[in-house]
Amino acid sequence: MSRLFRDVEGGLSCPQGSVVCIGAFDGLHLGHRALVRHAVARARELGVPSVALGFEPLPREFFASDAPPPRLTLPRQKIEGLRALGVDVIGLLRFNARLAAMSAQDFVRAVLVVRLQAKEVWVGPGFRFGHGREGDLALLRQLGMQFGFSAHAIAPVAVDGERVSSTRIREALAAGDFATATRLLGRPYSIAGRVVRGNQLGRTLGFPTANLRFDGKQPALSGIFATRVHGVGDRPMPAVASFGTRPTVAGTTPLLEAHLFDFDGDLYGRHIDVEFVARLRDEQHFAGLPSLVAQMRVDAAQARERLAPDPGSARPRADLPLQPQRA
């Protein structure tokens, strides 16, 4: 089980040294996975722990709190993904005003040197850090010579002739292009979480749902979707899902509501994973509940049709053979 820390200050986490990779890791796409896998492999070669270092909230969310950018992955799903990649220590640093004001040099001293005793530091293309984004790979290498670590960047990972990025994935999801999102992620896009109680309106309307909150973050997609729900039985279960603010019932925060077909059971507290397969339509406001129910029946029928050819298919493997290079 990976260890997790949240603060810049604290005791020495890796007294024997470490190999550190730094990134936002939103979505854990193919580029992130190449970076993490390479750091893990280097740590194994050197016989020291591997560390994935990120931030929560994301810096862009902190600086644009009034209009935060869309998020692909919530913290728990990100942590679980990093653990699955073999990371020994996860640093999910609280990004606040104090951290935002910290110079690149102070960040390196406090985190990479004092806390982690870094031997190697790996970053992605175009990496910037520190107050005002003053730090880059050249500065990281310069400080590494002073403090005894080496710094490297992996080569970009490209799909369809363009570099893989969270921005490309957000654009694909917003357009309902799940095929492109899957290629960039190395797996189908999904949202995981623990089922919470809602107002149970769906049950009274004949469409009980398993509800996942999005923790107040701005999602990268909204609307009505054909989905598959993992974590309920031995096979993924076909479902129709609504993701958004529920305008007909005056909702205010994003909620993912999945109606599992031909299922009758209690899922409260269960951890599930909702895989998005196809976008059916936008959210819309209905004049009343009868109109809403009529449309829900149409949505359910369309979702069943979209999922019918292969409702229990396995997810594509995410461990594509990527060989990053030192830059």
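Within the bounds of region 265-276, is there any residue that is crowded, with 19+ Cβ neighbours inside 10 Å, out of contact with any Lys or Arg (no Cβ under 7 Å at 6 or more places or on another chain) and charged (D, E, K, R)? Yes; the residues of region 265-276 include at least one that is crowded, with 19+ Cβ neighbours inside 10 Å, out of contact with any Lys or Arg (no Cβ under 7 Å at 6 or more places or on another chain) and charged (D, E, K, R).
Okay, residues lined up against (1) assigned by TED's automatic domain parsing to the domain that holds residue 294; (2) more than 22 Å from residue 298 (Cα to Cα); (3) among the polar types (S, T, N, Q):
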{"position": "167", "(1), (2), (3)": "no, yes, yes"}
{"position": "172", "(1), (2), (3)": "no, yes, no"}
{"position": "193", "(1), (2), (3)": "yes, yes, no"}
{"position": "209", "(1), (2), (3)": "yes, no, yes"}
{"position": "219", "(1), (2), (3)": "yes, yes, no"}
{"position": "227", "(1), (2), (3)": "yes, no, yes"}
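Identify, please: which residue in region 130-147 is free of Cβ contacts under 8 Å to residues at least 12 places away in the same chain and over 28 Å from the mean Cα position of the chain (by Cα) and is, among those, farthest from residue 112 (Cα to Cα)? Within region 130-147, the match that is farthest from residue 112 (Cα to Cα) is 138.
If the Cβ limit is 8 Å and pairs must be 6+ apart or interchain, which residue in region 286-312 that is in a helix (DSSP H, G or I) pairs with which residue that is of a type in the set (Lys, Arg) and modelled with pLDDT of 90 or more? Partner pairs satisfying both residue conditions: 299/281; 307/228. Taken together, 72, 93 contain a single residue that is within 21 Å of residue 165 (Cα to Cα), at pLDDT 95 or above and aliphatic (A, V, I, L, M), which is 72.
All conditions in (1) surrounded by 14 or more Cβ atoms within 10 Å (Cβ to Cβ); (2) out of contact with any helix residue (DSSP H, G or I) (no Cβ under 8 Å at 6 or more places or on another chain) hold for residue 185, with the sole exception of (2).
Each residue in region 219-237 was checked for being in contact with a Lys or Arg (Cβ under 7 Å, 6 or more places away or on another chain) and closer than 24 Å to residue 286 by Cβ, and 5 pass. Against the test of being touching a helix residue (DSSP H, G or I) at 6+ places or on another chain (Cβ under 9 Å), modelled with pLDDT under 95 and assigned by TED's automatic domain parsing to the domain that holds residue 78, the options 52, 24 yield a single qualifying residue, 24. Of all residues in region 133-149, those that are surrounded by 15 or more Cβ atoms within 10 Å (Cβ to Cβ) and outside any helix (DSSP H, G or I) total 3.
The values are calculated or read from the model by the stated rules, or taken from the named source; none is laboratory data. Owing to the predicted nature of the structure, the values given are computational and were not obtained by experimental measurement. We place every Cβ from the backbone using ideal geometry, glycine too, and count neighbours over all the protein chains shown.
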